[in-house]
Amino acid sequence: MSTNGHTKAKQMQAWKGLSQCLPARDADTEYWWQLTGRQLATLLDAAGYSVERQYEVLVFHHQWVVPYLGPAPTPGNFKPKWRSLITLDGSPIECSWKWNMASKDPEIRYIAEPIGEYAGTALDPLNQLATREMMHRLTTALPGIDISLFDHFMSDLYDHDNTKYSQEVAAGAKMKTSVHIGFEFLKDRVATKSYFVPRKLGQTSLMSVPDYAKAISAVQPGDNAALKMMLDFIDTHPEGKLLTFYSVAVDNEPLDLTRIKWYCQTPHTSFESVRAIMTLGGRIALPHLEGCLAELRELVNAAACVPADYPEDRELEAERWHAEEQARQFDELAKYLSGFVYHFDIAPNKPHPEIKVYVPTRHYGGTDATIGRNLVTWMEKRGRGDFGERYLQALEELTPHGHAGAGKGTQTFVSCLFKKNGDLDITSYLAPQAFNEKRMGSSSPPWGQGYHDLALQPDLSTRNPHKHIMASKRPTQDAFFTWCQSHDSKDWDSLRTCIAPTLRMNYEHMKNQLIEIPSEEYAKTAHMNHLDVATQHLVGGIAKWAKTEDEITATFQIRVAKLKYTDNSCTEVKAKANAYGICTVPYRKIDGEWKVAGLKPQMLWVDGNPEVFFGDVKKMSEDMNA
């Protein structure tokens with residue numbers, strides 16, 4: 001639809017306008033506003049919101065949510081005081097992008113856990129005071145909001161003796177996220193939801209299914225066909241018996257309009273399991289069901305970055321990238337970090353629940369860039385690609401390391417729900433990664449990491465005699481980082497984004513080989529020659545730079561660790577080695593972007609089996625010459 005420049009200009013129009021007139025507050029609030037306000041502005045513009053609506057939403061965010069996000073991270077101390085379980089790193093907010101339909105633009109939403117001054121203390125062991133305050137204040141700000149169900153579940157799902165909760169903490173129990181709020185920024189209003197993770201005194205595991213059913217029946221009395229069907233599936237079907245329920249959510253609307261969402265997790269990730277749960281073992285029959293399932297299978301494959309013919313009965317292979325410390329924070333909710341997540345939408349007078357599946361893209365698939373591109377391709381094939389490029393640009397802006405092709409973690413889930421007309425309701429979930437070390441590991445403001453509008457960056461070149469080189473260092477370093485990361489993570493789609501159309505591979509110091517190869521052939525050759533190896537490329541100090549207007553050459557230290565396996569299953573190590581040396585990399589500017597245009601490694605010495613390197617270089621060079 002729009003060009004990148006148009007999108008960024010509009011985003012900055014709303015952002016700059018508010019930045020000029022909204023007063024600065026305390027350091028914590030200012031941090032959250034600069035980070036999450038800017039991210040929200042980026043998403044609102046990318047989703048096609050009018051400038052007027054962007055102003056309204058950003059002012060609401062500034063006034064009603066930002067003050068409740070708690071203590072901000074600081075350089076040298078990026079661990080949250082209260083670790084919210086909304087995100088892996090403890091960020092108390094997560095945005096989502098509800099994808100456009102054929103005749104409807106995307107919608108932006110987020111969930112947030114208000115964090116009070118006394119969160120986790122004897123005064124507020126479950127961190128609920130700030131949420132209660134926010135919800136009751138919102139009744140004066142949002143027309144039509146009804147918090148009667150919020151009050152009901154706050155009373156029913158928790159005990160209210162903070163002294164006894166504090167005694168449990170003293171005895172070793174861990175208190176964590178128990179309630180958070182969802183905000184949907186519709187074109188004409190703000191809708192809200194309340195999410196509850198039950199925590200009773202003496203509770204040592206998650207709430208049981210009968211207790212959940214009792215709580216739901218209390219607010220949806222009578223013959224609830226959807227709940228009955230749900231409970232029958234849980235009791236009798238093999239997939240239903242594996243479901244672990246951990247949360248319930250309600251619309252903050254009058255009781256006759258509200259829905260109850262019941263959240264659960266399963267360890268299974270095969271599409272065979274997805275099919276069973278999305279149909280409740282065949283209990284749900286819709287006119288377009290088989291078509292929806294076929295579309296969903298393609299979506300899951302795209303999000304997980306697996307081939308189209310990936311077997312339906314095969315589990316996905318997860319890549320655990322989160323830290324063990326993060327996993328420990330979840331305790332009995334640690335199951336939430338693996339498998340697939342579902343919610344069952346139970347509404348009065350409905351014959352069956354509506355079911356949404358969540359694919360955790362933070363564990364499956366390639367980099368954020370690869371997953372994002374796969375989703376956009378899926379959308380484009382179905383005539384829903386109008387906002388694809390805008391989404392990908394926004395994804396780049398939200399990424400803490402400034403390049404979605406260099407890592408993952410910004411996109412946390414992709415969800416899907418079947419509509420009555422056969423459409424698939426798709427949503428992408430995006431974490432701010434406020435406590436990510438990459439945001440705090442720079443001398444520049446942490447909210448600036450990932451925002452590349454050069455007009456907003458300090459001009460370091462005016463203070464450096466080598467100004468032209470200084471201005472180009474970061475883009476070329478980003479390109480080579482992506483080159484290294486692509487090989488180490490075997491993300492060949494990401495590799496294609498950082499290399500020039502033709503590469504000059506100079507192996508004179510190793511095998512007396514000098515090869516020129518088209519980029520696509522190089523990517524294919526690299527792929528085939530990395531099936532049975534694992535690597536890590538570590539780049540050190542830069543020795544020298546040389547530059548013309550469209551070409552740069554850099555030489556720097558490099559160390560490469562490599563494991564060679566006996567076969568492509570990568571289960572048994574055959575040999576391993578570490579190579580130490582220097583590497584010269586030429587870059588070329590292609591359509592305004594710096595790309596890796598070749599490689600000239602010079603190996604100084606090898607720790608381990610030298611053939612791990614020399615044999616693979618020989619094979620790769622032979623394949624390139626073939």
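The values are calculated or read from the model by the stated rules, or taken from the named source; none is laboratory data. Everything quoted here is computed from the prediction, not taken from an experiment. Because the Cβ atoms are built from the backbone with ideal geometry, glycine has one as well, and the counts that use them run over all protein chains shown.
One table, with the values for the structure above:
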read-out	value
When residues of the range 191-226 are limited to those that are of a type outside the set (A, V, I, L, M, F, W, C), part of a helix (DSSP H, G or I) and over 31 Å from the mean Cα position of the chain (by Cα), the one modelled with the lowest pLDDT	SER217
Output for the range 583-611, where each listed residue is among the charged types (D, E, K, R) and on the phi < 0 side of the Ramachandran plot	ARG588, LYS589, GLU593, LYS595, LYS600, ASP607, GLU611
Any hit, the range 197-214, residues being in contact (Cβ under 8 Å) with a residue 60 or more places away in the chain, among the small types (Gly, Ala, Ser) and crowded, with 17+ Cβ neighbours inside 10 Å	no
Those residues of the range 15-32 which are of a type in the set (A, V, I, L, M, F, W, C) and more than 21 Å from ALA434 (Cβ to Cβ), in sequence order	CYS21
Filtered residues of the range 132-181 (kept if under 16 Å from SER84 (Cα atoms) and touching a residue at least 60 places away in the same chain (Cβ under 8 Å))	LYS174, LYS176, THR177, VAL179, HIS180, ILE181
Residues of the range 173-190 classified as in contact with a Ser or Thr (Cβ under 9 Å, 6 or more places away or on another chain), of a type in the set (Val, Ile, Thr) and part of a strand (DSSP E or B), total	2
Every pair of residues 6+ apart whose Cβ atoms lie under 6 Å, when the first sits in the range 550-563 and is under 14 Å from LYS589 (Cα atoms) while the second is of a type in the set (Lys, Arg) and surrounded by 17 or more Cβ atoms within 10 Å (Cβ to Cβ)	ASP550/LYS589; GLU551/ARG588
Leading residue by the ranking (modelled with the lowest pLDDT) among those in the range 593-613 that are under 15 Å from LYS574 (Cα atoms) and more than 38 Å from the chain's Cα centre (by Cα)	PRO610
Among the candidates GLU389, GLU397, residue that is farther than 29 Å from GLY291 by Cβ and acidic (Asp, Glu)	GLU397
Qualifying residue in the range 148-166 (condition: in contact with a strand residue (DSSP E or B) (Cβ under 6 Å, 6 or more places away or on another chain), surrounded by 17 or more Cβ atoms within 10 Å (Cβ to Cβ), at pLDDT 95 or above and under 25 Å from ARG53 (Cβ atoms))	no
Cβ-Cβ under 7 Å pairs, at least 6 apart or on other chains, the range 390-414 side in a loop (DSSP other than H, G, I, E, B), far side small (Gly, Ala, Ser) and at pLDDT 90 or above	GLY409/ALA431; THR410/ALA431
Qualifying residue in the range 117-125 (condition: modelled with pLDDT of 95 or more, within 24 Å of LEU43 (Cα to Cα) and outside any loop (DSSP other than H, G, I, E, B))	no
Residue match in the range 119-134 (condition: out of contact with any Lys or Arg (no Cβ under 6 Å at 6 or more places or on another chain) and within 27 Å of GLY17 (Cα to Cα))	yes
Residues satisfying the stated conditions in the range 6-16, i.e. modelled with pLDDT of 80 or more and under 11 Å from VAL59 (Cα atoms)	ALA14
Residues satisfying the stated conditions in the range 515-545, i.e. modelled with pLDDT of 75 or more, farther than 17 Å from LYS595 by Cβ, in contact with a helix residue (DSSP H, G or I) (Cβ under 6 Å, 6 or more places away or on another chain) and not in a helix (DSSP H, G or I)	ILE515, THR535, GLN536, HIS537
Complete set of residues in the range 274-294 that are part of a loop (DSSP other than H, G, I, E, B) and farther than 18 Å from LYS419 by Cβ	GLY281, GLY282, ARG283
Condition met for LYS335 (part of a helix (DSSP H, G or I), within 23 Å of THR87 (Cα to Cα) and either modelled with pLDDT of 90 or more or not polar (S, T, N, Q) (or both))	yes
Hits in the range 227-270 - residues which are free of Cβ contacts under 8 Å to residues at least 40 places away in the same chain and not in a helix (DSSP H, G or I)	LEU242, PHE245, LEU257
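So that you can scan it fast, the table gives a plain yes or no per residue for (1) modelled with pLDDT under 90; (2) buried (at least 19 other Cβ atoms within 10 Å of the Cβ); (3) assigned to a helix (DSSP H, G or I):
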| site | (1), (2), (3) |
| --- | --- |
| ASP345 | no, no, no |
| PRO348 | yes, yes, no |
| LYS356 | no, yes, no |
| ARG373 | no, yes, yes |
| GLU380 | no, no, yes |
| GLY385 | no, no, no |
